[in-house]
Amino acid sequence: MKKTNLQCSVRLNNKLRILWLQHVYRTRFFIISTASDIADLPYVTKWLLENPEDFAVILEHYYRKNISEQFKQLLTEHLAIAGELINAIKNHETTKTDSIRKKWYQNADEISEFLSKINPYWNYEKWNYLLYNHLKMTENEARLRLSGKYPKDIDEFNNIENEALEMADYMSNGIVQQFRLC
């Protein structure tokens, strides 16, 4: 039985929602493990770094392998920089934190540019807005966690979770429009 466009669109949207939620949940686990010096940090880090590969698998269904690999590389860099930033914040290294933050936002610019070039329904400004919000909230989440402000940390994560769903929906809608699924 042939799937309808709606069924394909819903399946894609669900997959991307899962991936973006995994992205922010695994980042949260990394923040918690880092802040509390939990021994699971190497395992959580490995698990977090699987997320870009999972994105690449989905994107390869629509784009060439080299394109999905480029996104994987950019998202892996995003996570590596985030890890550096969280550790610099934890260690109260203000100058290093500022330098790493600049690098993180440059990576967001690169991701926004990359995505806007591969899909005409993805706008650079929209991706940039979404990613900058993601970075700002993630850094704030880390600072709140590291300073023991757990209720505010949880509130911030609720915002991050909602924004992750917005990124997933935007990504999904762009693919659906570009490829007229099924």
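Residues of segment 157-173 include at least one that is in a helix (DSSP H, G or I), farther than 25 Å from E110 by Cβ and touching a helix residue (DSSP H, G or I) at 6+ places or on another chain (Cβ under 6 Å).
When you scan segment 117-130, do you find a residue that is basic (K, R), over 28 Å from D37 (Cα atoms) and not in a helix (DSSP H, G or I), even just one? No: segment 117-130 contains no residue that is basic (K, R), over 28 Å from D37 (Cα atoms) and not in a helix (DSSP H, G or I). Tell me which residues, restricted to segment 134-162, are open to solvent by 40 Å² or more (accessible area, probe 1.4 Å), more than 15 Å from N87 (Cα to Cα) and touching a residue at least 24 places away in the same chain (Cβ under 8 Å). Across segment 134-162, the qualifying residue is only E161.
Could you please find all residues in segment 70-102 being part of a helix (DSSP H, G or I) and open to solvent by 90 Å² or more (accessible area, probe 1.4 Å)? Q73, T94, T95, K96, K102 - these are the residues of segment 70-102 that are part of a helix (DSSP H, G or I) and open to solvent by 90 Å² or more (accessible area, probe 1.4 Å).
All conditions in (1) free of Cβ contacts under 8 Å to residues at least 60 places away in the same chain; (2) closer than 22 Å to E166 by Cβ; (3) aromatic (F, W, Y) hold for Y62, with the sole exception of (1). Residues that are in a loop (DSSP other than H, G, I, E, B) and over 20 Å from the mean Cα position of the chain (by Cα) within segment 1-60 comprise M1, K2, K3, T4, S36, D37, I38, A39, D40, listed in sequence order.
The values are calculated or read from the model by the stated rules, or taken from the named source; none is laboratory data. This is a predicted model, so every value here is computed, not measured. Glycine gets a Cβ as well: all are built from the backbone with ideal geometry, and neighbour counts include every protein chain shown. Side chains are part of the model used for accessible areas, which takes the heavy atoms of the whole protein and leaves out ligands, DNA and RNA. Shrake-Rupley method; radii C 1.70, N 1.55, O 1.52, S 1.80 Å.
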